[in-house]
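Written out below as structure tokens is the structure these notes cover.
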Amino acid sequence: MGMTAVSAADILEQTQILSGLSQSWRAQLSQLSRVVRFSAGQVVFREGAPPPGLYGVGSGLVRVVKEGPTGRQLVLHFAHPGHSFGEVAVFGNFDAPASAEAVEDSVCAMIPRESLQLLLKEHHDLCLELLGSTARWVRSLVELIEGIVLRDSGSRVARYLGEVARTVDGQAFPLPVLKKDLALHLNLTQETLSRTLRKLVEANVIASLPDGVIRIVDTDGLRKIAEDGFLS
């Protein structure tokens with residue numbers, strides 16, 4: 001989706017968390033929304049502050065980051081086109097539990113916090129329609145926590161590469177995020193991430209091509225590592 005001639009309706013139509021809504025509700029939310037643009041490195045909102053609204057990403061990439069008391073960061077998730085962020089704080093009417101920052105120039109649709117909360121208070125059918133989407137979001141968060149806490153580095157990296165391959169529907173692709181951000185997302189050091197990628201190459205599961213492109217050589221082998229985490 002380009003950086004020009006894009007409407008909030010276009011973006012929200014592709015936003016996954018709204019996919020379960022009826023066409024009439026998506027149209028009404030689109031009328032309340034506006035297109036907002038962020039430059040690479042720009043902070044959208046900070047942890048501890050009320051987010052301006054629910055954002056759907058039309059183009060670019062936004063990372064949602066949680067910072068611990070020692071300053072250590074964890075990338076909770078990357079919001080690619082079709083993804084959303086800010087929804088939890090808006091639905092729950094509390095301050096943002098994490099910060100959001102544009103990784104690259106990004107175009108989003110923003111549904112203002114107050115307008116959306118007023119609709120939710122007045123229309124129980126909208127609440128019910130959003131409930132299923134929110135439940136799926138929570139399930140994905142549980143899977144993320146499982147991935148970064150209960151699995152070893154080989155499993156974490158293999159799972160991520162498998163997910164990217166399914167998203168792009170191909171066996172060769174550039175990493176969609178910087179390695180330092182991916183390491184934060186997988187709760188690994190950059191050194192551990194690089195070492196794990198090398199091990200996957202040495203195991204003939206993936207190949208590292210020029211310009212940062214990864215090619216999956218052995219899909220079954222990658223799946224086995226993702227499930228069993230047998231790399232030491």
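Couple of notes before you dig in:
- Rounded to the nearest 10 degrees, the inclination of helix 124-149 to the longest alpha-carbon principal axis of the chain is 20 degrees.
- Contact order normalised by residue count of the chain, Cα under 8 Å, 6+ apart, percent: 20
- The angle between the Cα long axis of helix 113-122 and the main principal axis of the chain comes to about 70°, on a 0 to 90 degree scale.
- Under 28 Å from the Cα of residue 179 - lysines, other chains or at least 8 residues apart: 66, 199, 224
- Over the chain: helical MRE at 222 nm, DSSP H runs n ≥ 4 each giving -39500 (n - 2.57), nearest 500: -14000 deg cm²/dmol
- Exposure proxy shown here: for 167, 70, the number of other Cβ atoms within 10 Å sets the order, fewest to most, as 70, 167.
- In range of the label at residue 19: residues from segment 108-146 whose backbone nitrogen is under 20 Å from the point 7 Å along Cα→Cβ: 108-111, 126-145
- Taking the centroid of alpha carbons for each part, segment 1-66 and segment 143-180 are 24 Å apart.
- Where labels lie 7 Å past Cα in the beta-carbon direction, separation of residue 208 and residue 134 in nm: 4.4
- Extension gain for residue 124-residue 175 works out to 14.2 nm (0.36 nm per residue, less the C-alpha to C-alpha distance).
- Sorted fewest first by neighbouring Cβ atoms within 10 angstrom, 84, 115 come out as 115, 84.
- Extending 7 Å from Cα along the Cβ direction at residue 217 and again at residue 143 yields two label points whose distance is 2.8 nm.
No value in this document is a laboratory result; all are computed from the given coordinates. Just so it is clear, the model here is predicted, and its values are computed rather than measured. We place every Cβ from the backbone using ideal geometry, glycine too, and count neighbours over all the protein chains shown.
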